[in-house]
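K.L.:
Questions regarding the structure given below will be posed in turn.
The values are calculated or read from the model by the stated rules, or taken from the named source; none is laboratory data. Predicted model only: the values in this text are computed from it and were never measured. Virtual Cβ from ideal backbone geometry, glycine too; neighbours counted across all protein chains shown. Side chains included, ligands, DNA and RNA excluded: accessible areas come from the protein's heavy atoms. Shrake-Rupley method; radii C 1.70, N 1.55, O 1.52, S 1.80 Å.
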Amino acid sequence: MAVIKISPEQITRKKRKGPKGHAVDLQALEDIRTLLGDASRQKDLLIEHLHKIQDQYQHISAKHLVALAHDMNLSPAEVYEVASFYHHFDVVREGQTPPPPLTVRVCESVSCDMAGARDLLQALRESLGEEVRIQPVPCVGRCQHAPVAVVGQNPIDQASPEAVAAAVDNRQIEAPVGDYIDLDKYQADGGYRILKSCLEKRLDSENIILKMEHSGLRGLGGAGFPAGRKWRIVSGYQGPRLMAVNIDEGEPGTFKDRHYLERDPHRFLEGMLIAAQTVGCEEIYIYLRDEYAGCRKILTREIAALQNSPIGSSLPPIHLRRGAGAYICGEESAMVESIEGKRGMPRLRPPFLAEVGLFGRPTLEHNMETLYWVRDIVEKGPEWFASHGRHGRKGLRSFSVSGRVKKPGVHLAPAGITIRELIDEYCGGMLDGHSFYGYFPGGASGGMLPALMHDIPLDFDTLNEYGCFIGSAAVMVFSDQDSARELALNAMRFFEEESCGQCTPCRVGTSKAVELMAQSNWDQELLEELSTVMIDASICGLGQAAPNPLRCVFKYFPEELQ
């Protein structure tokens, strides 16, 4: 058979206009260009631009999605895979009916479930009209005010059907901002004096790192890595270096970061800038969970005020990025992926973020509360922080306490305090009519312990031998009127909902565990085998920690399985 040779010159290709298979609607493109204005179209701003569409239209239509892809020079598939990954983006395909113009989100996680969230959901479904979407959602970070509903972006604490209906009727949908220490008040109390000393080289970077190391401060987002050691490691890599601040506290039971941001945001900002100056970070990215709309208003306002102040010209660029409803983005590498405008999928490590992090650069990653204490440690000395503590432990812990206690909230207490001491000395005791039955010492992923184990010091490493950990110090207290197995099922449903789906052990394991745990009789042998696979083979901490409450029911609440 003869072979016909065709030269490259003989091949002509018709240049494609626009994305393949997706015609760009000109009106939708005009909508997008008007909405984005002069904002940069760089790829890492994709999630920010999706938020603008969602906020404007309460959903993201197929036409607007394709138009955004065209305007940002991305493929529609790239934009769709990101938009469909995050819970807070309502992507409406062609032919689908958009959601109602107003959404009421009702938290159904552990503390709100104990406080009657299921009854609230049912009542709202029966009382609110079709123009309102009632949506059960994972933890919204207001556990001390359970049950909580969010009307638009306006949180309703201790929510009742009547209070939610009033907010809906009056269109009270904006997040309120309470009193807080603004820039003027903060500076009047000595704020930014330490940062100025750093900028003017009157404080040596090595001296500051030594103070951080000697203080014993560890990462307060849950991992507990020594802060000073992290600063030293990152500073050892060749620049340019970046900084990423994790304020995506989605762990059920956790709300301490919001508590501090709503009251004293500049103490955090100064600590952040001291860290950036010490380590040599050229830009800073703050990743704030979308549920914290009030905090976003505060940070937007106060960062602008700081940048316009006399020291503003000496500061690195600060980028405030908005999460979109994905618990997995609390994992540091998933957060970095999200900041880069991608789905929040955890990375395989090594390399670690300290070496190859945000945009491929060495990155100093910290939880917000860790940075909140930096100014005090540098100003008062490491001994001040280390001098606190009980039962042989050192430092302070901000406990987010919720559940069946009289005074839930953020309680600053010595590291190593026991749960009984925390309840009696800081929380006013148990609610009337409730007897202490058990507690989650570190959020939904930190496991569960019975009341008889009330004398264990609450701190890093002290709970490991019991199959638990303190994490971000989210303590949820339950009573004899609660069921440990039902609370464990609630936690597993949360992990099923929030699994990113990247790895099979977590994606399938959480779903199968929910199915098995919902049965009246638990197949303990199969559940234990499933737990082992999830712990051993999951890529990140979500799948590895998801079986903790389940396993604790086996160990400490066997009477509920009879």
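K.L.:
Going by average Cβ neighbours within 10 Å, how do the peptides 61-68, 25-32, 456-463 rank, with the highest at the top? All intermediate terms of the calculation are to be shown ahead of the outcome.
P.N.:
Working: 61-68: 23.0, 25-32: 16.0, 456-463: 20.9.
Descending packing order for the listed peptides: 61-68, 456-463, 25-32.
K.L.:
How about region 125-225: which GluC sites (Glu not before Pro) there are in a DSSP loop, with at most 12 other Cβ atoms within 10 Å of their Cβ? Please report the intermediate quantities before stating the final value.
P.N.:
Numbers: sites: 126, 130, 131, 162, 174, 200, 206, 213; in loops: 130, 131, 174, 200.
Taking region 125-225 and a limit of 12 other Cβ atoms within 10 Å, the loop GluC sites (Glu not before Pro) found are 130, 131, 200.
K.L.:
With a Förster radius of 45 Å, plug the Cβ-Cβ distance of residue 166 and residue 238 into 1/(1 + (r/R0)^6) and report the FRET value to the nearest 0.05.
P.N.:
On the way: r = 58 Å, r/R0 = 1.28.
Between residue 166 and residue 238 the formula returns 0.20.
K.L.:
Moving on. Amide H of residue 365: which non-local residues (sequence gap of 5 or more, or other chain) have their own amide H closer than 5 Å, using H built in the peptide plane?
P.N.:
244
K.L.:
Just report the Cα centroid separation between region 308-376 and region 494-522, whole Å.
P.N.:
That distance is 29 Å.
K.L.:
Let me ask you something else. Can you sort 434, 388 by 1.4 Å-probe accessible area, starting with the largest? The partial results should precede the final answer.
P.N.:
Working: 434 35, 388 65 Å².
Heavy-atom accessible area, descending, gives 388, 434.
K.L.:
In the chain, carbon and sulfur make up what percent of the accessible area (probe 1.4 Å)? Before the final figure, lay out the partial values.
P.N.:
Details: 11670 of 24140 Å².
Whole-percent figure for carbon plus sulfur exposure: 48.
K.L.:
Could you tell me what % of all Cα pairs in the chain have separations over 46 Å? Don't skip to the end; give the middle numbers.
P.N.:
Numbers: 23931 of 157641 pairs.
Value for the chain: 15 percent of Cα pairs lie more than 46 Å apart.
K.L.:
Antiparallel versus total DSSP beta bridges in region 215-349: what percent is that, nearest 5?
P.N.:
On the way: 1 of 13 bridges.
Taking every DSSP beta bridge within region 215-349, about 10 percent pair in antiparallel fashion.
K.L.:
A further question on this structure: Kindly provide the pair-distance distribution of region 412-533 built from C-alpha pairs, with 5 Å bins from 0 and whole-percent values in order of increasing distance.
P.N.:
For region 412-533, the binned pair fractions read 2, 10, 18, 20, 19, 14, 9, 6, 1 percent.
K.L.:
A further question follows. Do the alpha carbons of any pairs in 63/342; 256/380; 297/407; 196/406; 196/297; 43/211 sit beyond 31 Å of each other, and which pairs?
P.N.:
Details: 63/342 21 Å; 256/380 23 Å; 297/407 28 Å; 196/406 43 Å; 196/297 26 Å; 43/211 39 Å.
In this structure, 196/406; 43/211 exceed 31 Å between Cα atoms.
K.L.:
Over region 249-310, average the accessible area per residue using a 1.4 Å probe and give it in Å², no decimals.
P.N.:
Values: 1550 Å² over 62 residues.
On a per-residue basis, 25 Å².
K.L.:
Next up: Round to a whole angstrom and tell me the spacing of the C-alpha centers of region 545-562 and region 106-177.
P.N.:
So the two Cα centres are separated by 30 Å.
K.L.:
Scan around residue 463 for amide H atoms under 5 Å from its own, H built in the peptide plane at 1.01 Å from N, and keep only partners 5 or more places away or cross-chain.
P.N.:
Residues meeting the amide H criterion: 470.
K.L.:
While we're looking at this one, here's another question. Please list the equivalent ellipsoid semi-axes of region 40-145, computed as the square roots of five times the alpha-carbon gyration tensor eigenvalues, in descending order and whole angstrom.
P.N.:
31, 17, 10
K.L.:
Residue separation times 0.36 nm, minus the C-alpha to C-alpha distance between residue 43 and residue 424: what's the value? The partial results should precede the final answer.
P.N.:
Details: separation 381, 0.36 × 381 = 137.16 nm, distance 5.13 nm.
132.0 nm is the gain from fully extending residue 43 to residue 424.
K.L.:
Loop only per DSSP, at most 14 neighbouring Cβ atoms within 10 Å: give me the trypsin sites (Lys or Arg not before Pro) in region 110-180, ordered by residue number. Numbers along the way, then the final one.
P.N.:
Working: sites: 118, 125, 133, 142, 171; in loops: 142, 171.
Those satisfying the criteria are 171.
K.L.:
Now, a different point. Considering only region 91-170, what is the antiparallel percent among its DSSP beta bridges, to the nearest 5? Before the final figure, lay out the partial values.
P.N.:
Numbers: 6 of 12 bridges.
Roughly 50 percent of the DSSP beta bridges within region 91-170 come out antiparallel.
K.L.:
Now a separate question. Can you give me the solvent accessible area of residue 22 with a 1.4 Å probe, rounded to the nearest 10 Å²?
P.N.:
About 80 Å², rounded to the nearest 10.
K.L.:
Rolling a 1.4 Å sphere over the protein heavy atoms, what is the accessible area per residue of region 17-116, to the nearest Å²? List each step's numbers first, then the result.
P.N.:
On the way: 4740 Å² over 100 residues.
Computed with neighbouring chains in place, this is 47 Å² per residue.
K.L.:
By a straight-distance test (C-alpha under 16 Å), which aspartates and glutamates pair with residue 555 as possible cross-link partners, with residues fewer than eight away in the same chain excluded?
P.N.:
Correct list for residue 555: 465, 486, 523, 525, 528, 529.
K.L.:
Hey, another quick one. Ignoring everything but the protein chains, give the 1.4 Å probe accessible area of residue 169 in square angstrom, nearest 10.
P.N.:
120 Å²
K.L.:
Once you sort the root eigenvalues of the Cα gyration tensor of region 16-81 as a ≥ b ≥ c, which label holds: rounded (a/c under 1.5), prolate (a/b larger than b/c) or oblate (the other case)? Before the final figure, lay out the partial values.
P.N.:
Numbers: a/c = 1.42, a/b = 1.29, b/c = 1.11.
In terms of gyration-tensor shape, rounded.
K.L.:
Ok, one more. Given the whole protein assembly as supplied and a 1.4 Å probe, what does the accessible area of residue 303 come to in Å², nearest 10?
P.N.:
Accessible area, nearest 10 Å²: 10 Å².
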